[in-house]
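Working notes, structure below.
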Amino acid sequence: MSMPIEDYALIGDMQTAALVCRDGTVDWLCLPRFDSPAVFTALLGTEEHGCWRMGPAGGTGAGPRPADRRRYRGDSLVLESEWDTPRGTVRVIDFMPPRDGAPQVIRIVEGVSGQVPMCSELRMRFAYGKVVPWVHSVDGRAVAVAGPDSVWLDTPATATVRHGTVVSEFTVSPGERIAFTFSWQPSHHEPPALAEPEASLEATEEFWREWVEHCTYHGPYRDAVVRSLITLKALTYAPTGGIVAAPTTSLPECIGGVRNWDYRFTWLRDAAITLSSLLRTGYREEARAWREWLLRAVAGDPENLQIMYGIAGERELGENELNWLPGYEDSRPVRVGNGAAGQLQLDVYGEVIDALHVACASGLAPDDQAVSLQLKLIAWVEKHWDEPDEGIWEVRGPRRHFVHSKVMTWVAVDRTVKLIESGDVDGPLERWKDLRETIHRDVCEHGYDKERNTFTQSYGSQELDASLLLIPQVGFLPPDDKRVIGTIEAIQRELGTEDGFILRYPTAGDDAGVDGLEGDEGAFLACSFWLADDLAVIGRVEEARQLFEKLLSLRNDLGLLAEEWDPRAQRQVGNFPQAFSHIGLIEAALKLSAAGAHVSDAGARYRDVARWPEEC
């Protein structure tokens, strides 16, 4: 039986990640990369699809029981879970060392008090639970092999194989520590080196301590900001600098529905906004690595910019369904790959160009290739900005003239005009200034409903869209413009849930709506953070703060957020943990921090914004 999404903890080595349930079971792990097939897939199926249980022996018939306490050790990704049993207390320490060789999951069982019988049940299944490996022993090490993959278990505890499951039963005493190291290796390679669990634990904690020390943010809600930064770092693929949107696939946006997507790729939009958050909190090295990833991914074909790429810059992300998996709480289909990679989303051009602008404004050394890329992208935008597209939410219905997409093409042109005005590059300044005014006028004429005093989702539409909340944040209009305030208030009325959170846009229930899909979804957490941002910039700071703190209360006990919140079921839904949600948290905290110092500066996501265009 699936556990609630918020019952999971994240551990990772910045190349892949595992989800550890509150009951001590690892239910999700892809090896050797975020986007590799999973070896533990119980999250989307049953224990027969692979998992690793670790906890006190003698659980009830309902299975292992949840830990009584759990926490991350300080500002790290080292997880501690504790169980109080009639025979004593036991602690399990779970972590993945930053990779230096084979990827590893290390679990250290530590006796706290009494004599506690423990049980480890390691059930390995390759290819997302489809392939049962050959499990045997090599020099006292348990190994499972199938095709190109092998996984190895090293432990001083006695391990036996029962029906393809490696089982260890043992008793732990106070102060005693028994380690289990799970390593992946290509099956045609030599066995991985023997583990050194205690040394790896010390090195892992030291890595995270040193990384957090670089954080320059010391304002309100710092603990929440740091935990979100750690999560974003964990979602970064260290070899290339690519950032995955989430480490999971097919966790549903509506339980039992079809809105189940693979998020183990790098969305340019998400990564570009992540870059801004990292730069503003002191992490230039990560920002530099992302810029280099971008230049490699787009190299040679910038006119055909994709909205997402593989974590090493791969372009082919074909979407398939895994029909042998029942899905999380029977939410089918389970998908791998993402067909949205081939969509046209005009807003991405604005996000990428703005990210390059923010990097330069934040002191990141200029890069000639980045400038060349920006000029090529803006030349494409000049020819195509007035076309319909699929928009920020990747609708699978007909293309439309989405207002947010048009606004972001304005951003692309605006930031390029600034680049030319700085004197660092030559370009057709007057032509592009005219283009900037043309796009602005077009949006105000066709994307604004005068009678309701609100911008709309698309030209000619009556619907609203939460992405309109970004209009003041990107500098398209000033925060005190009546159209901005009217749009914010309309979104609160028409897209707000009873508890004050924000839906992305109206869905059509059982009928296919604007996005071409049946069913509904939860409140999109990033959009709710955007509302808090906007409330701060228009001077409703206390209302913004209350909303922000309500959003913080949705995090699980470890500070993690999924993509959405189901207001009816009162639970997290969607892929987990979600980078976009944690970016929203960081940005909102920065806005509120600025609001506390100077309200008029609270919304300045973008510094040195050109004068706002004349009234339309």
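The values are calculated or read from the model by the stated rules, or taken from the named source; none is laboratory data. The model shown is predicted, which means the values in this text are computed figures rather than measured ones. For neighbour counting, all protein chains shown are included, and Cβ atoms are generated from backbone atoms with ideal geometry for every residue, glycine included.
Only a single item in (1) in contact with a Gly (Cβ under 8 Å, 6 or more places away or on another chain); (2) in contact (Cβ under 8 Å) with a residue 60 or more places away in the chain; (3) surrounded by fewer than 24 Cβ atoms within 10 Å (Cβ to Cβ) is not met by ASP23, and it is number (2). Counting the residues of region 577-597 that are under 22 Å from the mean Cα position of the chain (by Cα) and among the small types (Gly, Ala, Ser) gives 5.
Checking each residue in region 100-138 for being assigned to a loop (DSSP other than H, G, I, E, B) and touching a residue at least 40 places away in the same chain (Cβ under 8 Å) picks out GLY101, ALA102, PRO103, GLN115, MET124, ARG125, LYS130. If you go through region 318-348 and keep only what is crowded, with 21+ Cβ neighbours inside 10 Å and assigned to a loop (DSSP other than H, G, I, E, B), you end up with LEU322, LEU325, GLY327, SER331, VAL334, ASN338, GLN345, LEU346. Among the conditions (1) part of a helix (DSSP H, G or I); (2) modelled with pLDDT under 95, the only one that ILE255 does not satisfy is (1). Restricting attention to region 2-28, and to residues there that are more than 16 Å from the chain's Cα centre (by Cα) and aliphatic (A, V, I, L, M), which single residue is farthest from GLU82 (Cα to Cα)? Among those that are more than 16 Å from the chain's Cα centre (by Cα) and aliphatic (A, V, I, L, M), it is MET3. In region 281-312, the qualifying residues are those that are of a type in the set (Gly, Ala, Ser) and either assigned to a loop (DSSP other than H, G, I, E, B) or out of contact with any Phe, Trp or Tyr (no Cβ under 8 Å at 6 or more places or on another chain) (or both), and the one that is farthest from GLY241 (Cα to Cα) is GLY300. Can you go through ILE471, ILE420, ILE485, ILE439 and tell me which one is in the same structural domain as ALA365 (by TED's automatic domain parsing) and in contact with a His (Cβ under 9 Å, 6 or more places away or on another chain)? The conditions single out ILE471. The set of residues in region 86-99 being in a strand (DSSP E or B), among the aliphatic types (A, V, I, L, M) and either over 11 Å from GLY24 (Cβ atoms) or without any contact (Cβ under 8 Å) to a residue 40 or more places away in the chain (or both) consists of ILE93 alone.
Pull up region 208-221, narrow it to residues that are surrounded by fewer than 18 Cβ atoms within 10 Å (Cβ to Cβ) and touching a residue at least 40 places away in the same chain (Cβ under 8 Å), then point me to the one that is farthest from TYR283 (Cα to Cα). This residue is PRO220.
Within the group ARG264, ARG269, ARG227, ARG284, which residue is more than 16 Å from the chain's Cα centre (by Cα) and among the basic types (Lys, Arg)? Just one listed residue meets the conditions, ARG284. For region 171-206, a residue qualifies if it is assigned to a helix (DSSP H, G or I) and either among the aliphatic types (A, V, I, L, M) or not assigned by TED's automatic domain parsing to the domain that holds VAL90 (or both), and the qualifying residues are ALA199, LEU201, ALA203.
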